[in-house]
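Below is one structure, written out as structure tokens, with a few remarks after it.
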């Protein structure tokens, strides 16, 4: 009987050791990961100077084109520069350092309406003084000059014309 008790005890110890060893093989494995984010500062843009075609005279249909790089105006057809200082619109934006900013201009023509009347002119073909995708680097502010083409049909009523257009700056 003593021999069978020893045998039973030895079997129990062997069972416990086998259970303990299989439990350690089934233990979960762990690894850690960091969570990171680059938080950009809010993007802003404001108009500092309006797009201005100055004062023009008309003898026939034509166009006035503001070049945003040279900040000057050229004319075609029966449109002539008469007075004023035509210039590109100027916008100033602020963004995070080392970010990329996409600039979007109107794709459709914008209507200018005669003050005190219903006659209209169109402004189209908006252009920038550089690429539409701007790399900020260490700077946090950027300037955008915007030019466009004013189309003047023959026989247009004299007067002051005004309209608005939007420039959008956004992070990709």
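The values are calculated or read from the model by the stated rules, or taken from the named source; none is laboratory data. Given the structure is predicted, the values throughout are model-derived calculations rather than measurements. Heads up, the Cβs are rebuilt from the backbone with ideal geometry, glycines too, and the neighbour counts pull from every protein chain shown.
For the reader, a short list of remarks on this structure follows.
- Scan of segment 132-155 for residues that are surrounded by 11 or more Cβ atoms within 10 Å (Cβ to Cβ) and part of a loop (DSSP other than H, G, I, E, B), ordered by number: 132, 136, 139, 140, 153, 154
- Members of segment 84-120 that are under 30 Å from residue 39 (Cβ atoms), crowded, with 17+ Cβ neighbours inside 10 Å and free of Cβ contacts under 8 Å to residues at least 60 places away in the same chain: 90, 94
- Members of segment 1-37 that are at pLDDT 70 or above and over 60 Å from the mean Cα position of the chain (by Cα): none
- For segment 121-131, a residue qualifies if it is surrounded by 13 or more Cβ atoms within 10 Å (Cβ to Cβ) and more than 15 Å from residue 53 (Cα to Cα), and the qualifying residues are 128, 129, 130.
- Annotation: of all residues in segment 156-172 being within 19 Å of the chain's Cα centre (by Cα) and assigned to a strand (DSSP E or B), the one that is surrounded by the most Cβ atoms within 10 Å (Cβ to Cβ) is 169.
- Among strands (runs of 3 or more DSSP E) entirely within segment 29-123, having at least 2 residues that are more than 18 Å from residue 162 (Cβ to Cβ) singles out 44-49, 55-67, 72-83, 89-94, 100-104.
- Residue 40 farther than 21 Å from residue 89 by Cα, modelled with pLDDT of 55 or more, out of contact with any helix residue (DSSP H, G or I) (no Cβ under 6 Å at 6 or more places or on another chain) and surrounded by 10 or more Cβ atoms within 10 Å (Cβ to Cβ): yes
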